[in-house]
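The numbers here are math on the coordinates, done by the rules we state, and not lab data. Note that this is a predicted model, so its numbers are computed, not measured.
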């Protein structure tokens, strides 16, 4: 998991310039802040799920499957597009309920 995250980070740094990374960082920070307002205990839920045996495996496996499906459906998309999609989907789903 660590190596795959490291690979994604380096590939993102190589393909984008510094100004584009700053703009993306601002957009993701705004989405993350609004996501944390709607899910204040999300961090604790995630930590607890990683301590329960096999839960972390299924959680990470589901995320990889979700990313694979997103990239297959949206050719030419980047990790930034997936992160925006993921945050926005969770926010919209919560506001819709």
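Structure summary
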read-out: CD proxy at 222 nm, helix term only [per DSSP H run n ≥ 4: -39500 (n - 2.57); per residue of the chain; nearest 500]; value: -28000 deg cm²/dmol
read-out: Residue-span extension gain [residue 41 to residue 94] - 0.36 nm each, minus C-alpha spacing; value: 17.7 nm
read-out: Proportion of all alpha-carbon pairs of the chain beyond 23 Å (%); value: 35
read-out: Mean separation of Cα contacts under 8 Å, 6 or more apart, over the residue count of the chain: relative contact order %; value: 40
